[in-house]
Structures are given as structure tokens and as C-alpha cells.
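Written below as C-alpha cells is the structure these notes are about.
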Amino acid sequence: MSRQIVLDTETTGLDAKSGHRIIEIGCVEMVERRLTGNNLHLYLQPDREIDPGAIAVHGITNEFLIDKPRFVHIVDELQSYLAGAELIIHNADFDVGFLEHEFSLCNQPMELTKVCKVTDTLAMARKQFPGQRNNLDALCKRLGVNNSHRTLHGALLDSEILADVYLVMTGGQTALSLDQDSAAGAVAVDISSQVDISQLKTVLANADEIEAHEQWLERLRKADDGCAWDKVVH
């Protein structure tokens, strides 16, 4: 079973080493590239003031966090939730650095790259779209992912959007009508016995459509999961 966690954090500032802390964690779970709804969303009391510049980005205030739990109170739950999953993170060094710093402050050090596979979607985007802007908003616009409801940064919201972006970047192959249980691998599903295909009209792709299709297949072939189209007998 392939379990992936799309993860984002919001913080009091930019540098954990200078004392900044995590104030929000948002995690979206996918199993076999499908959203499960088993998400994790936490607000945290950082025991320090939030930088005004950070508040302008995420809108989380010191007053809002007064009654929220501290990281030490949720560390066991978080470590258990993350362990063994592939973490999908945009600009992973930032979030991983903050999380590992928080784990150390709780005297429960956890090196995430040793217990999880970490995939950085920013690095993926820079490889796919060199020389272009590759922040989350730019990727949404480029890939056709709706982010109109994103007025401020938010860990859970950004994780939900990043999950959509990641699926599109890696092909979006979540339901290609393949028999995933076949011992011989993915094969085309025969529906001719259920549908009278003699009544269907054949519409051939034009040259532009064929070229666009081939360009899309080339992108899929470069993804870690490969291209499901190539496994189907045409």
C-alpha cells in the first residue's frame, strides 16, 4: 500500500535556529494516489510572539493561539501519523527543518528522511518548468488547479491544493480504467460485452491533438510512477 502525506506548516517566522516555532500543521493523506479524508490539522501555542510579516502571510494571530496545545502535547500523535509515509512537501527543507527542530525541543528527535521518503514538489517543479516561477500559486495557474479560495496561506488549505498540484504534475493517473489486480500488471478493461460499441461513432484525433497527447505522455514517462498508457495494449 502506497501511503502519502501532503504536508505544510505555518510558523512564527522564517528561521527555526533563531527561535521561531511552528504554529500550524496541515496534513492530507493519500493512499494509492486517492484522498482518504484521514487528514491531520493542528494549531499550536508557540510561547513566543509571531512576527508581523508572518501574520501578514497566514493571518494567524497571537491571541488566536492562546488556548491551543503546545507541540510537546501532540508530538506522539504527529510522529505516529507520519512514520513510514512518503511526505509530499513544497520547499521541503523549510518544513522538515522546523519539524525536526520541534522534535528535538521535545527530547524526541526524529530524522524524517530516515523514517519517511520526502518528495519536494518545488524541486520537481524546477525540473519540469526550468526558469519559471514555481510557487504554489504559479503552479496552480499553470496546471489548471483551482485556488481561488486561497486568500491567505494556511497549512491545511495549502496541503489540499498541493495534493491536487502533485497529482497533476505526476500525471493525475488515478482512474484510467485499468485492472489493478491483474498479476500480469495493468491491462485494458474490456467493456464490449456491456456496451453496444457498433453504435458508437469514431472520431479521429487531428494532428495537433496527437502532438499534444504525445507531449503529455512524455511528461508521464518522466514521473516516478511511469506512464500507465504505455502498459495498456492499444
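Within the stretch 73-94, if we keep just the residues that are loosely packed, with under 15 Cβ neighbours inside 10 Å and free of Cβ contacts under 8 Å to residues at least 40 places away in the same chain, the residue that is farthest from Leu122 (Cα to Cα) turns out to be His73. Quick one: is Glu49 surrounded by fewer than 21 Cβ atoms within 10 Å (Cβ to Cβ), in the same structural domain as Leu136 (by TED's automatic domain parsing) and not in a loop (DSSP other than H, G, I, E, B)? Taking the combined requirement at face value, the residue does not satisfy it. The residues of the stretch 120-156 that are within 28 Å of Thr61 (Cα to Cα), touching a residue at least 40 places away in the same chain (Cβ under 8 Å) and not in a loop (DSSP other than H, G, I, E, B), listed by number, are Leu136, Ala155, Leu156.
In the set (1) basic (Lys, Arg); (2) within 29 Å of Asp164 (Cβ to Cβ); (3) surrounded by fewer than 19 Cβ atoms within 10 Å (Cβ to Cβ), the condition left unmet by Arg70 is number (2).
When you look at Ser159, is it of a type in the set (Ser, Thr, Tyr) and outside any loop (DSSP other than H, G, I, E, B), yes or no? Yes.
The sole residue among Val57, Val96, Val72 that is out of contact with any Asp or Glu (no Cβ under 6 Å at 6 or more places or on another chain) and modelled with pLDDT under 95 is Val57.
For the stretch 165-177, the condition of being under 30 Å from Glu24 (Cβ atoms) and modelled with pLDDT under 70 holds for at least one residue.
In the stretch 72-86, how many are within 16 Å of Glu24 (Cβ to Cβ) and under 23 Å from the mean Cα position of the chain (by Cα)? Selection size over the stretch 72-86: 6. The set of residues in the stretch 95-117 being aliphatic (A, V, I, L, M) and crowded, with 18+ Cβ neighbours inside 10 Å consists of Val96, Leu99, Met110, Leu112.
The values are calculated or read from the model by the stated rules, or taken from the named source; none is laboratory data. As the structure is a prediction and not an experimental result, all values here were calculated from the model. Cβ coordinates were reconstructed from backbone atoms using ideal geometry, including for glycine residues, and neighbour counts include every protein chain displayed.
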